[in-house]
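Undergrad: Please find one structure pasted underneath; my questions will follow.
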Amino acid sequence: MTSAGGLEGVLLADKPAGPTSHDVVARVRRAFGGARVGHAGTLDPFATGLLVLLLGRATRLAEYVSALDKTYVATLRLGASSTTGDPEGEIREIAGDVPDEAHVRAALAGFLGEQAQVPPIFSAKRVGGERARRLARRRAPVALAPSRVRIERIDLVAYASPRLTLRVTTGPGVYIRSLARDLGESLGSAGYVTALRREAIGGFRVEDALQASDLEDPAGGASAVEELAARLLPPAAAVAHLPTVTLGARDAM
């Protein structure tokens, strides 16, 4: 939608594996002629799925979307670790028996609810003013404090040792890579994420999102840009989950 200040609203994008979240933001910015664009919740380059993009004045509402619960489908591998917690790192096999499904289910139950979680060292967290991932790439020591996070639900979708697929609904700030690491350690082994897809952020669903090909620089000129603009949700969609208060004439200042 448009206002006196230009395009504004919420755009849902399905990020493919490879590009960063910033790359997707840059594509949308180019498609809309340099419009102000932000996002509510980063996805790692290897991950796919829902990015909630905010355009124009709607960028001010990013914090409200970031605070929503998120749902992921993740494939994990047990019995091995990764320096980055994902398939892009150095993989190290861990000797020992891989647990059976019953032990995996019991361990998963221990990760429900509020808990302390240490972020991966390859993350955007800051240590002494510098991103942890930059320190980690230089092999400098990185010590990150645990954060209080909440995991609402974990469903074991499939288990074919040593790989398992989970559907996880989390509160803000949860790292699925940390969950994989901690799950592996709780089973006396190790674990890392091999694939990750974000299905939902609050009421926003990836099936309603634009594909990456739709976000390339429009070749159709003004009409193509208009088609993209037609997919914008109003800024109010970013705060639709918040309670409302109706004021009468007596409440007006």
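Undergrad: Does E207 count as outside the structural domain of E93 (by TED's automatic domain parsing) and free of Cβ contacts under 8 Å to residues at least 12 places away in the same chain?
TA: For E207, the condition - outside the structural domain of E93 (by TED's automatic domain parsing) and free of Cβ contacts under 8 Å to residues at least 12 places away in the same chain - is met.
Undergrad: Does at least one position in region 60-67 carry a residue that is of a type in the set (S, T, Y) and part of a helix (DSSP H, G or I)?
TA: Yes, there is a match, as at least one residue in region 60-67 is of a type in the set (S, T, Y) and part of a helix (DSSP H, G or I).
Undergrad: Let me ask something else about it. Please enumerate the residues belonging to region 93-145 that are farther than 19 Å from Y192 by Cα, surrounded by 11 or more Cβ atoms within 10 Å (Cβ to Cβ) and modelled with pLDDT of 95 or more.
TA: The answer is Q115, and nothing else.
Undergrad: Taking region 6-45, which residues are assigned to a helix (DSSP H, G or I), more than 23 Å from A195 (Cβ to Cβ) and of a type in the set (D, E, K, R)?
TA: R29, R30
Undergrad: So, one more: Here are the criteria: (1) in contact with a helix residue (DSSP H, G or I) (Cβ under 9 Å, 6 or more places away or on another chain); (2) in a strand (DSSP E or B). Tell me which single one R150 does not satisfy.
TA: Unmet condition: (1).
Undergrad: Would you be able to say whether some residue in region 1-8 is surrounded by fewer than 18 Cβ atoms within 10 Å (Cβ to Cβ) and either within 28 Å of A180 (Cβ to Cβ) or touching a residue at least 60 places away in the same chain (Cβ under 8 Å) (or both)?
TA: Within region 1-8, the first condition is being surrounded by fewer than 18 Cβ atoms within 10 Å (Cβ to Cβ), and the residues that meet it are 1-6.
Subsequent filtering for residues that are either within 28 Å of A180 (Cβ to Cβ) or touching a residue at least 60 places away in the same chain (Cβ under 8 Å) (or both) retains 1-2.
Yes, that holds for at least one residue.
Undergrad: I've got another one for you. Take the conditions modelled with pLDDT of 95 or more, surrounded by fewer than 18 Cβ atoms within 10 Å (Cβ to Cβ) and in the same structural domain as A74 (by TED's automatic domain parsing) and apply them to T165. Does it pass?
TA: When the stated conditions are applied, T165 passes them.
Undergrad: Kindly indicate whether L53 is in a strand (DSSP E or B) and either more than 17 Å from S213 (Cβ to Cβ) or not polar (S, T, N, Q) (or both).
TA: yes
Undergrad: Which is touching a residue at least 12 places away in the same chain (Cβ under 8 Å) and in the same structural domain as T194 (by TED's automatic domain parsing), of G41, G89?
TA: Details: G41 fails: in the same structural domain as T194 (by TED's automatic domain parsing).
Every option except G89 fails the conditions.
The values are calculated or read from the model by the stated rules, or taken from the named source; none is laboratory data. Since we're looking at a predicted model, the values are computed, not measured. Cβ atoms come from the backbone with ideal geometry, glycine included; neighbour counts cover every protein chain shown.
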